[in-house]
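Here is the structure we will look at.
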Amino acid sequence: MSLWRRLLYLWPPHRRAVEQDMQEELRALQEVAESRELGNLTLAAENARSVWEWDWLESIMADLRYAVRVLWKSPAFTIVSVLSLALGIGANTAVFSVVHGVLLRPLPYPQPNQLMLVAQQASHSDITIPEFEFWKKNSSSFASAAGERGAGDLTLSVGDKREAITAMTVTADLFRTLGVQPALGREFDEKETRPGGPQAIVLSDSLWRRFFDADPEVLGRIVTLNDARFTVVGVLPPAFWYPQAADAFVPLRPTGSASDLGANTGMIARLKPGVTRQQAEAEMGALTEAFRRANPDAGREYRGLTLVPYQDSLVGDVRLNLLLMFGAVGLLLMIACSNLASLFLARLETRQREIAVRLALGSGRSRLLRQFLIENMFLGLAGSLVGLLGAYWLLSGLLALIPFHLPASQPIRLDMPVLMFTLAIGLCTALVFSLAPLLTSSRIDIHDTLKSGGRLSGAGPARQRTRNVLVVSEVALSVTLLVAAGLLIQSLYRLHQEPLGFKPEGLITFWTPLTAEPARNPADRRNFEVTLLERLHAVPGVHSVAAINLLPLTTQGNFPAQRENHPENSIGGMEIRIVTQAYFETMGTPVLRGRQFGVRDTALAPPVILVNETVARAWWPNGNPLGDRLVIGLYEGKDYGKQAPREVVGVVGDTKSLRLKAPPRPTIYIPIEQALAYDYDLSWVIRADRSARSVDQIRQVVAQVDPRQRVARLRTMDEVVAANTTDSRFDAWLSGIFAGLALVLTAIGVYGLLSFSVARRTSEIGTRMALGASPGSILNLVLKQGTTLVAIGLVLGLGGALALTRSLSSLLYGVRPNDWATFVAVSIVLLLVGCIAGYLPARRATKIDPMVALRYE
């Protein structure tokens, strides 16, 4: 029989026609051959039918049809099961979509596993230009290597047309290292990355299309970035992706200045074919001593460089955040499965007589188990489909809520790997919550069940033990989620209590980058700053106005500095801040000693400086810094572009520099009148009443001073601070929501178990009460069962949480992973929830009428 005809036979209309023809043919044969013994007509039909079908497939199809009928007759059970599965599977699918898009999907470059980030051995941080040049030249493991130094905001001008863009500063060979060929033109050559060489720019496809209207003749055109002229030498392909979004790329030119000696250059290398990471690291270790000899300033403690897979370097802390989410939704799904398994066991009680009758009529236990498995697999498939629809909506909301940057090379969506994951998790989940009912149903005693009218007999204790195990598992899993949520919430609280060093309430901030015109000379720039200060201060409701080159909690800008005549007091990464006179008053930062800047600190006055507490403690632990002098650009006696010594005239309180979780960095402050030679943009801070915080009003004032001046990053200081806690806040709230759901599911599980137990023990409870047991003793009997299971699960869960929460160390602040207060609080909460969940069934047990209970069986 052909495969096509066998498959066609499974189609009901065609099957009915074939069956009818077969029956008519058999009757005709019986009439024609009366003298011959044809045998049993039904058996003959079965033999004929076997020609047209596969017995095993027909059997499965019959089981599937039966499963649909059974589930259709129990709509409440089916809906609850499908929705429970859809909730767990939908959440897991949405989170897995993010995990797959960020952690599992390979980078969009040829042989991405050969791409490595070359970083400092100890800290995995950026490297210096001397390190970059040495290892690029001397390493034989690299096919190519390139460096980058981040992106900056510039203004692109061509004639009267201008646009603010983001330009990435990179060395030659970046695109060759990534394995990307420009769609038009070429990338930078060595001449363009040397000081004094021709300036070149490579455009992104999007910038080329929107600014140059996709002009194919764009190569060779001269454009202006701020006050410099650049020649367009290339256009990148449309599909090009880089971790840090950029509209264009410009050459990184080492100058030999102090900035080249700072660890501020990222190095990307491509390994040669056949070279492993271990082999390359062994060679780098051997080159470390050669670098020390070539650069004596590196010191004996210099540990060299190491390799980090490029994709791993991009995900950074995001990996732990995503794995935390994935683990939380996974635990939540397991708790839901435990509840469903308990629900299936309870449903199995109502089908005892059906099962016993089918076994008595000759149905094999394997066939019976297969029937139940098909029912559950059908539920798992239905839950997966509904969960997939939910994941489609949940994913968009999740991506909108995630506060941290996701380094995904392609849009995160429900693609084929995610769909396969959803199907697999649905079927596996169905198998997991089927195990308990399947195992216990195989122990049914046919005779006892038929005689007892379908009620449980010998199999009852086994099912009760199974339910107990499920509840204990739910409690243990819930403990892990609750402890993690408690630690993260406590960490968030500690973070909000961290002293900032300033008062953010009532502050509004904005940034004024340099205009597109050639950079103002110092006099013009200072005139703009003074005029804008006066205009802003004149706005009704404004109490004070100030400006700083780098706003706290946004970015950092450091340079070497040394205490004069004390090379042992040197800081290579001293934070340099340029401020106006009223800055500390406006920010609410206290001046602890000495004075703040005043009108006498002009460009013609002796250079002065303020230091923060961190510098004062480090350099003058028992002395007075006032009157002493600092030299910017000097480090351990070596000249890195030193300036004239500056007298310390005051000590100000520490403020958070870059991150709330990091301690204040050593910082010095320079009056803006004595920093005219610096190249800087300003961030403005305004302390004002609510009525004076109008965005439009601020923009109008700036436009009145200079219509060409852009206003960017206009927000309150509270928003700046909040942006620094978004990761911690997201982790805390998300884990708290999952922990709350887990707690509710656990309470439902305890309640369901005790309710069923009370129903099973109705006769026993009635007998106890008839013999004189008090309602209080019955209440204690039932509550003891529930609290015992909760206590066992609590002990197991605390042990597991103690081991698992250590992985959260990098996400915590001010709290240890084994914080005893959190563990005690979680224990108390779970015991209380267990008691509350068990109280209602226990109280119902005390209301049982002994006479009714004794007639129950």
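The values are calculated or read from the model by the stated rules, or taken from the named source; none is laboratory data. Computed from a predicted model, the values in this text were never measured in an experiment. Cβ coordinates were reconstructed from backbone atoms using ideal geometry, including for glycine residues, and neighbour counts include every protein chain displayed. Only protein heavy atoms, including side chains, enter the accessible area calculation; ligands, DNA and RNA are left aside. Shrake-Rupley method; radii C 1.70, N 1.55, O 1.52, S 1.80 Å.
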Exercise. Among the residues of the stretch 117-160, which ones are β-branched (Val, Ile, Thr) and either at pLDDT 90 or above or within 17 Å of residue 306 (Cα to Cα) (or both)?
Worked result: 118, 127, 128, 129
Exercise. How many residues does the stretch 260-303 contain that are hydroxyl-bearing (Ser, Thr, Tyr) and without any contact (Cβ under 8 Å) to a residue 12 or more places away in the chain?
Worked result: 1
For this session: Could you grab me the full set of residues in the stretch 265-275 that are open to solvent by less than 60 Å² (accessible area, probe 1.4 Å) and among the basic types (Lys, Arg)?
Result: 270
Problem set entry | Hits in the stretch 537-553 (condition: at pLDDT 90 or above and assigned to a loop (DSSP other than H, G, I, E, B)) | 549, 550, 551, 552, 553
Exercise. Which of the residues belonging to the stretch 586-601 are without any contact (Cβ under 8 Å) to a residue 60 or more places away in the chain, outside any loop (DSSP other than H, G, I, E, B) and open to solvent by less than 50 Å² (accessible area, probe 1.4 Å)?
Worked result: none
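Results for (1) at pLDDT 90 or above; (2) under 14 Å from residue 121 (Cα atoms), shown as yes or no for each residue.
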{"site": "240", "(1), (2)": "yes, no"}
{"site": "250", "(1), (2)": "yes, no"}
{"site": "258", "(1), (2)": "no, no"}
{"site": "289", "(1), (2)": "no, yes"}
{"site": "296", "(1), (2)": "no, no"}
{"site": "311", "(1), (2)": "yes, no"}
Exercise. So how many residues does the stretch 223-249 have that are open to solvent by 10 Å² or more (accessible area, probe 1.4 Å) and among the β-branched types (Val, Ile, Thr)?
Worked result: 3
Exercise. Touching a Gly at 6+ places or on another chain (Cβ under 9 Å), touching a residue at least 60 places away in the same chain (Cβ under 8 Å) and surrounded by fewer than 16 Cβ atoms within 10 Å (Cβ to Cβ), is that true of residue 567?
Worked result: yes
Exercise. Taking the stretch 649-677, which residues are of a type in the set (Gly, Ala, Ser) and either within 14 Å of residue 584 (Cα to Cα) or out of contact with any Lys or Arg (no Cβ under 9 Å at 6 or more places or on another chain) (or both)?
Worked result: 650, 653, 675, 677
For this session: Select from the stretch 134-174 the residues that are charged (D, E, K, R) and closer than 19 Å to residue 282 by Cα and write down the one among them that is most open to solvent (accessible area, probe 1.4 Å).
Result: 137
Exercise. Any idea how many residues of the stretch 148-194 are in contact (Cβ under 8 Å) with a residue 40 or more places away in the chain and of a type in the set (D, E, K, R)?
Worked result: 10
Exercise. For the stretch 783-838, which residues satisfy the criterion of being within 21 Å of residue 497 (Cβ to Cβ), open to solvent by less than 40 Å² (accessible area, probe 1.4 Å) and assigned to a helix (DSSP H, G or I)?
Worked result: 808, 811, 822
Problem set entry | Test for residue 219: is it open to solvent by 50 Å² or more (accessible area, probe 1.4 Å), modelled with pLDDT of 90 or more and hydrophobic (A, V, I, L, M, F, W, C) | yes
For this session: Answer yes or no: is there a residue in the stretch 505-521 that is open to solvent by 10 Å² or more (accessible area, probe 1.4 Å), in contact with a His (Cβ under 9 Å, 6 or more places away or on another chain), of a type in the set (Gly, Ala, Ser) and in a loop (DSSP other than H, G, I, E, B).
Result: yes
Exercise. Applying the selection to the stretch 276-295, what residues are of a type in the set (A, V, I, L, M), open to solvent by 40 Å² or more (accessible area, probe 1.4 Å) and under 15 Å from residue 133 (Cβ atoms)?
Worked result: 294
For this session: Looking only at the stretch 306-324, decide whether some residue is of a type in the set (D, E, K, R), in a helix (DSSP H, G or I) and either under 15 Å from the mean Cα position of the chain (by Cα) or surrounded by 21 or more Cβ atoms within 10 Å (Cβ to Cβ) (or both).
Result: yes
Problem set entry | Criterion violated by residue 713 - all others in (1) more than 24 Å from residue 259 (Cα to Cα); (2) at pLDDT below 90; (3) open to solvent by less than 30 Å² (accessible area, probe 1.4 Å); (4) of a type outside the set (Gly, Ala, Ser) satisfied | (3)
For this session: Select the strands (runs of 3 or more DSSP E) contained entirely in the stretch 602-660, then report the ones holding at least 2 residues which are in contact with a Leu (Cβ under 7 Å, 6 or more places away or on another chain).
Result: 646-652
For this session: Could you please find all residues in the stretch 392-407 being farther than 20 Å from residue 811 by Cβ and buried (at least 18 other Cβ atoms within 10 Å of the Cβ)?
Result: 394, 395
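Condition check ((1) open to solvent by 20 Å² or more (accessible area, probe 1.4 Å); (2) farther than 28 Å from residue 605 by Cα; (3) of a type in the set (D, E, K, R)) across all residues:
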position	(1), (2), (3)
650	no, no, no
658	yes, yes, no
664	yes, yes, no
670	no, no, no
698	no, yes, no
724	yes, yes, no
732	no, yes, no
736	yes, yes, no
740	yes, yes, no
For this session: Find all pairs meeting these conditions: Cβ atoms under 6 angstrom apart; at least six residues apart or on different chains; first residue within the stretch 699-717 and closer than 28 Å to residue 655 by Cα; second residue among the hydroxyl-bearing types (Ser, Thr, Tyr).
Result: 717/509
Seminar exercise, completed: Taking first residues from the stretch 620-643 that are of a type in the set (D, E, K, R) and second residues anywhere that are assigned to a strand (DSSP E or B) and open to solvent by 70 Å² or more (accessible area, probe 1.4 Å), the pairs with Cβ under 7 Å that are 6 or more apart or on different chains are 629/647
Exercise. Quick one: residue 775 ticks every box in (1) modelled with pLDDT of 75 or more; (2) touching a Ser or Thr at 6+ places or on another chain (Cβ under 6 Å); (3) surrounded by 14 or more Cβ atoms within 10 Å (Cβ to Cβ) bar one, so which box is it?
Worked result: (1)
Exercise. If you go through the stretch 671-708, how many residues are assigned to a strand (DSSP E or B), within 22 Å of residue 153 (Cβ to Cβ) and among the aliphatic types (A, V, I, L, M)?
Worked result: 3
For this session: Please specify each residue of the stretch 205-248 satisfying the condition of being within 30 Å of residue 310 (Cβ to Cβ), in contact (Cβ under 8 Å) with a residue 40 or more places away in the chain and assigned to a loop (DSSP other than H, G, I, E, B).
Result: 236, 237, 238, 239, 240, 241, 242, 243, 244, 245, 246, 247
